[in-house]
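A.B. asks: This is the structure, below, for whatever I ask next.
What follows is calculated from the coordinates using simple rules that are stated; it is not laboratory data. Because the structure is a prediction, the values reported are computed rather than measured. Glycine gets a Cβ as well: all are built from the backbone with ideal geometry, and neighbour counts include every protein chain shown.
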Amino acid sequence: MADLHPANIKALTEAVLNSEGISKLEIRHAVEARVAKHGGATRQAEVLPDDLIAYVDKVAFHAYKVTDEDIENLKASGYSEDEIFEITVSAALGAGLARVEHSLNLLKGV
């Protein structure tokens with residue numbers, strides 16, 4: 001059963017970051033990388049639009065504090081609800097992958 005996990009993680013990552021969506025692929029990749037780096041994962045730094053930084057960081061560090069006002073601010077910056085959803089899922093993926101990477105490194109003794 002454990003052999004299925006890497007394939008499932010790869011499929012999830014592919015679906016979130018590389019499937020057709022409303023938001024740009026570059027943005028989804030940058031969001032995932034930023035949040036994963038915050039979690040201690042190794043990622044190459046990618047440029048994130050300034051108007052997303054505060055929101056993405058809030059999702060990364062204090063997701064429970066995201067408010068309707070945060071969403072309205074992004075909508076006022078021109079993001080649709082679908083784009084905001086995809087950005088949020090990309091951030092959640094980055095956080096989750098960072099935890100997986102960290103856990104695997106602990107098991108390896110790194």
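A.B. asks: So, in nm, how far is label residue 81 from label residue 58 when the simple model puts each one 7 Å beyond its Cα toward the Cβ?
C.D. replies: It works out to 1.8 nm between the two label points.
A.B. asks: Which Rg and Dmax, in Å, describe the Cα atoms of the chain?
C.D. replies: Final numbers for Rg and Dmax: 14.5, 46 Å.
A.B. asks: Residue-wise, which Karplus ³J(HN,Hα) couplings in Hz belong to the stretch 85-93, taking 6.51 cos²θ - 1.76 cosθ + 1.60, θ = phi - 60°, and x for glycine or proline?
C.D. replies: Once θ is set to phi - 60°, the couplings for the stretch 85-93 become 4, 5, 5, 5, 5, 4, 5, 4, 4 Hz.
A.B. asks: Considering the chain as a Gaussian network with a 10 Å cut-off on Cα pairs, which listed residue, 41, 33, 15, attains the greatest mean-square fluctuation?
C.D. replies: Highest fluctuation among the options: 15.
A.B. asks: Tell me what the chain gives for mean residue ellipticity at 222 nm when only DSSP H runs of n ≥ 4 count, each as -39,500 (n - 2.57), the sum divided by the residue total, rounded to 500 deg cm²/dmol.
C.D. replies: After summing the helix terms and dividing by the residues of the chain, the value is -24000 deg cm²/dmol.
A.B. asks: Also: When the chain is fully extended, how far beyond the present Cα-Cα distance does residue 45 get from residue 11, taking 0.36 nm per residue of separation?
C.D. replies: Extra length available between residue 45 and residue 11 comes to 10.0 nm.
A.B. asks: Lysines within cross-link reach of residue 24: Cα-Cα under 18 Å, excluding same-chain residues under 8 positions apart?
C.D. replies: Output for residue 24: 75.
A.B. asks: Turning to a different aspect of this structure: How much FRET efficiency would the formula 1/(1 + (r/R0)^6) give for residue 105 and residue 72, where r is the Cβ-Cβ distance and R0 is 30 Å, rounded to 0.05?
C.D. replies: Efficiency, from the Cβ-Cβ distance: 0.20.
A.B. asks: Cross-link partners among aspartates and glutamates for residue 37, C-alpha distance below 13 Å, same-chain residues fewer than 8 apart left out?
C.D. replies: Those aspartates and glutamates meeting the cut-off are 46, 57, 101.
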